[in-house]
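A.B. asks: Take a look at this one; I'll ask things after.
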Amino acid sequence: MIKSIINRKRQRIVLDHVIEEGEFHDDSDEIKKLVNKKAQGWTRTKSIEPDLWKSWEHRFELIESIPDHAFDGVIDELTNEEFEHVLSHTPHNKAPGPSGIQAEGWA
C-alpha cells in the first residue's frame, strides 16, 4: 500500500465548461473566475460565536512552562503485556488502518 501511495501521480481536473445556477459557461477566463469564487467560499474565514469561544478559550492559553516530568515514559519500550492489553481491548469487526491489518489478526 505504501508503495502505491509513493508512486501515485497527481491527477488534473480539466474544466472546459461549468454550469453555475443553470447557466452554461465555456469561456476559460470566466471558468477561472467562477472556480476561484467558489473556492473562496469553501475556504472563507468562519465566524466564531463569542459564547462558544469563551468555553474553549482556556484550552488555547499559552503554557508558560512544561513540567520536567511531562514526557516521562514517552520513549519507554512497550512491553508485551501492555501490547496484549491494548489489543485485547480493541473493538472487533472494525475497519483496518493504513496498514490493512485488523486487530483480530493480532489478538
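No lab work stands behind these numbers, since they all come straight from the coordinates. Everything numeric in this text was worked out from a predicted model, so none of it was measured. Every residue, glycine among them, receives a Cβ derived from its backbone with ideal geometry; neighbour counts consider all protein chains shown.
A.B. asks: Kindly provide the helix-only [θ] at 222 nm of the chain, computed as the sum of -39,500 (n - 2.57) over DSSP H runs of four or more divided by all residues, to the nearest 500 deg cm²/dmol?
C.D. replies: Here the helix-only value at 222 nm equals -9500 deg cm²/dmol.
A.B. asks: Taking only Cα atoms of the chain, what ratio of Rg to Rh do you get with Rh as the Kirkwood inverse-distance radius?
C.D. replies: 1.18
A.B. asks: Same structure again: Enter the angle in degrees (range 0 to 90, nearest 10) between the Cα long axis of helix 28-42 and the first principal axis of the Cα atoms of the chain, meaning the one along which they spread out most.
C.D. replies: For helix 28-42, the angle is close to 40 degrees.
A.B. asks: Could you order the peptides 91-102, 28-39 from most to least packed, using the average number of other C-beta atoms within 10 Å per residue?
C.D. replies: Per-residue mean Cβ counts within 10 Å order the peptides as 28-39, 91-102.
A.B. asks: Could you sort out which of 9/46; 33/54; 46/94; 9/37 sit more than 30 Å apart by Cα distance in this structure?
C.D. replies: 9/46; 33/54; 46/94
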